[in-house]
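The values are calculated or read from the model by the stated rules, or taken from the named source; none is laboratory data. Please read all numbers here as calculations on a predicted model, not as lab measurements. A quick note on method: Cβ atoms are made from the backbone with ideal geometry, for glycine too, and the neighbour counts reach across all protein chains shown.
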């Protein structure tokens, strides 16, 4: 049975307008945290505009010794890299919490903004899952870009499965994701492609953050609704969202 993509996206928009607590509010918190973490990360391990400008000036002048000296001086220390790693891991786990909130919203299962912190209760398994999936996608990408893209869709449902079945191991979740996405990876790719315009708008400077507040939960809700059908939690694609 073909995916009714317009219906799925219509249901996601409907949830955006009626969900309580608001999925847009959760999206605003998630996007704001992501922006804050990115800012802190740039301050910790990034190079300032003034330093980059000086490096380029010395490079254009052929003063490579000054370029190397400035570059070495601008490198952050181990403590900065360590804090930056913690920031990145925190956002991964908050992202899991956001997914939990979205699933609860789709199911009408008493979602709460506190769900954004629920990922910390499964920190170890989430990080292991992310690490294993990254390794698998990377290995497939060594063949060519397309096998890597296919692999990323093959394992795209593993996180949902881990959230629904915390008793399952990481490899079990990955194998189950592979099973339920069999023959559906192209369908999911087209679904993601249908959000291209929104994603481009979200990448715009400054205003993109405001757009992301709506777009982020919209896309997440659509994916969650798709998972509900794909996993068999909902038998028919024409189901009514709560």
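A compact table of results
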{"read-out": "Unmet requirement for residue 44, which otherwise passes all of (1) modelled with pLDDT under 90; (2) closer than 30 Å to residue 231 by Cα", "value": "(2)"}
{"read-out": "The range 172-212, residues that are under 24 Å from residue 228 (Cα atoms), surrounded by fewer than 13 Cβ atoms within 10 Å (Cβ to Cβ) and either free of Cβ contacts under 8 Å to residues at least 40 places away in the same chain or in contact with a strand residue (DSSP E or B) (Cβ under 7 Å, 6 or more places away or on another chain) (or both)", "value": "179, 182, 183, 186, 193, 196"}
{"read-out": "Some residue of the range 55-68 being under 28 Å from residue 124 (Cα atoms) and either modelled with pLDDT of 85 or more or surrounded by fewer than 17 Cβ atoms within 10 Å (Cβ to Cβ) (or both)", "value": "no"}
{"read-out": "Qualifying residue in the range 73-91 (condition: in contact with a helix residue (DSSP H, G or I) (Cβ under 7 Å, 6 or more places away or on another chain) and within 17 Å of residue 220 (Cα to Cα))", "value": "yes"}
{"read-out": "The range 180-200: number of residues that are assigned to a helix (DSSP H, G or I), within 16 Å of residue 13 (Cβ to Cβ) and touching a helix residue (DSSP H, G or I) at 6+ places or on another chain (Cβ under 9 Å)", "value": "2"}
{"read-out": "All positions within the range 128-171 that are assigned to a loop (DSSP other than H, G, I, E, B) and under 16 Å from the mean Cα position of the chain (by Cα)", "value": "155, 156, 157"}
